[in-house]
Amino acid sequence: MPEVKVPELAESITEGTIAEWLKQVGDSVDKGEAIVELETDKVNVEVVSEEAGVLQELLANEGDTVEVGQSIAVVGEGSGNNASEAPAKQDESKEETNASTSDKQSQSAESTTTNSDDKSQDNNQRVNATPSARKYAREKGIDLSEVAAASNDVVRKEHVDQSQNQSNSQQSQPAAKEETKKPAQQNPSKPVIREKMSRRKKTAAKKLLEVSNNTAMLTTFNEIDMTNVMNLRKRKKEQFIKDHDGTKLGFMSFFTKAAVAALKKYPEVNAEIDGEDMITKQYYDIGVAVSTEDGLLVPFVRDCDKKNFAEIEDEIGNLAKKARDKKLGLDDMVNGSFTITNGGIFGSMMSTPIINGSQAAILGMHSIITRPIAIDADTIENRPMMYIALSYDHRIIDGKEAVGFLKTIKDLIENPEDLLLES
C-alpha cells in the first residue's frame, strides 16, 4: 500500500514533530490533501497524501519526532467516512445492546444517562480539540468542555490526562483527610502551569545556547540623532504613499539600506565560520525579527542591495503578516546573511541582541527618546535619540571593524541624503 513519508523540508531541517493529525484511520483522503501538520524548527508544514483512498494506518503519534523520508501513514484503496462518525456509531450500537438486556429500571437509568451523554457529546463537538483528543476523551468518559476550560487553547491528549489526574486527585483528597485526620494545609504550594515546550521554543532555546557557548560574542553601542531622518519622513511620507500604492515609509527601510552599505564597507560582518573556513557572503539577504504568538521569527528580505525603499517596506510588511498568520514558508526563513531586530517597538531603551544562527553579527534598534544633547560647547538641544547595538562574533570581526560598522550606520541615518546616494 502507498505510504505517506515526511518530505524534504529544507537543507538545514532533517526532522520535525507530529503536531496534529488532520485525518484519522478510516477517513477518505484525496490526492494532494493534507493529512498531518508537522512542526519544524522554523515553521509548521502540512504533509499531503500522494494517493487517493482511505487512511489505513498511522505510523506515528502526535508529539513524535519524525525524520525526513520516514513513513508516517499508510493509504489504501476504497472510500471511508469521517473519523468522528465511526466511534459514534459504535457507541450507539453498544447502548442498544445494553438496553435490550436490561430491565425497565435499568432502561430508565440508561435513558437518563444517554440524555446526559448526548449533551456532553454536543458540548464536545463545540470544543476546539484535536481528533486524537476527542477519541481519547470518549474512551476515558471525560467531558471535553471541562478540559477546555482549563487549557484555554486547542485541547490535546495531554490536557485530557491532566484533567483526569486532577479529578482523581480531588476525589482521593477527602478520603485521605478522613484517614489521617490531619488539618488542611495552611500554606498550599503556589499554583503553576506545567506544559511541554513547543518544538520551536525548544529549538530556539538550544540554538541560542549554542550561539552563546560557541561564539566569542561581544556587543558595541552607539547613539543616533534621528532628527534628520524623522524630518525627511515627515516631508515625504504623503507623497511616498501616493507614489507607491499605499506603502508607508518606515524606519526599517532606512536601517536596512544603511546596513547594506555598512556590510559592503566591512565585509567581515557579512561572513560566517564553517569548520576551519570563513565564508564571506556576496549577497545581502537581511533578516527582520518579527514577534508572533509562537515567539520570535526571523524571515529574510532577499537582495536588499537591489531593492529600493518601497520594495523593502513592502517585503517587510508582507513577511510580518505571513509570520503572524502562520503562513511563512521554509524558503522565507533560511540562508540569510545579516539580521536586524527592533526592540524599540516594545519600549526597549538598550539591549544586547544575540546573534542569529551562524551569522557573524546582529544589529539592535531601540526606542527613540527625546534627550538633551550638547550641540556644541555653548548649545544644548532636546533631540530624538536612539541607542543602537551591534553584537558580533569576535572570532571573525575585530573591535575596530565592529565600531566602524556601527559608526557607518550612525552617519548614514543622521545624513539620510548620503544614504540615498549610497543606494
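The values are calculated or read from the model by the stated rules, or taken from the named source; none is laboratory data. Values in this document were obtained by computation on a predicted structure and should not be read as measured data. Cβ: placed from backbone, ideal geometry, glycine included. Neighbour counts: every protein chain shown. Calculation scope for accessible area: heavy atoms of the full protein, side chains included, ligands and nucleic acids excluded. Shrake-Rupley method; radii C 1.70, N 1.55, O 1.52, S 1.80 Å.
Between Gly317, Gly295, which is at positive phi and surrounded by fewer than 23 Cβ atoms within 10 Å (Cβ to Cβ)?
Being at positive phi and surrounded by fewer than 23 Cβ atoms within 10 Å (Cβ to Cβ) holds for just one of Gly317, Gly295, which is Gly295.
Quick one: which of Gly344, Gly336 is within 32 Å of the chain's Cα centre (by Cα), crowded, with 17+ Cβ neighbours inside 10 Å, over 17 Å from Val211 (Cα atoms) and at pLDDT below 95?
Answer to the check: Gly344.
Taking the stretch 8-52 only, how many residues are open to solvent by 10 Å² or more (accessible area, probe 1.4 Å) and assigned to a strand (DSSP E or B)?
13
State whether one or more residues within the stretch 358-375 are over 16 Å from Gly287 (Cα atoms) and charged (D, E, K, R).
yes
Please pick out the residue among Ser348, Ser337 that is in contact with a Lys or Arg (Cβ under 7 Å, 6 or more places away or on another chain), touching a residue at least 12 places away in the same chain (Cβ under 8 Å) and assigned by the TED database to the domain that holds Thr292.
Ser337
When the stretch 47-66 is examined, which residues are found to be touching a strand residue (DSSP E or B) at 6+ places or on another chain (Cβ under 7 Å) and either over 25 Å from Ala204 (Cβ atoms) or modelled with pLDDT under 85 (or both)?
Val48, Ser49, Glu51, Ala52, Gly53, Val54, Leu55, Gln56, Glu57, Leu58, Leu59, Gly63
Being open to solvent by 60 Å² or more (accessible area, probe 1.4 Å) and either outside any helix (DSSP H, G or I) or within 23 Å of Ile368 (Cα to Cα) (or both) is the filter here; which residues of the stretch 233-251 pass it?
Scanning the stretch 233-251 gives Arg233, Lys234, Arg235, Lys236, Lys237, Glu238, His244, Asp245, Lys248.
Here is a list: Ile375, Ile380, Ile397. Which entry is β-branched (Val, Ile, Thr), surrounded by 21 or more Cβ atoms within 10 Å (Cβ to Cβ) and either more than 18 Å from Thr256 (Cα to Cα) or modelled with pLDDT under 95 (or both)?
Unique residue meeting the criteria: Ile397.
Assuming Val269 fulfils every condition listed in (1) over 30 Å from the mean Cα position of the chain (by Cα); (2) modelled with pLDDT of 95 or more; (3) of a type outside the set (Gly, Ala, Ser) apart from one, which condition is it?
All conditions pass for Val269, except number (1).
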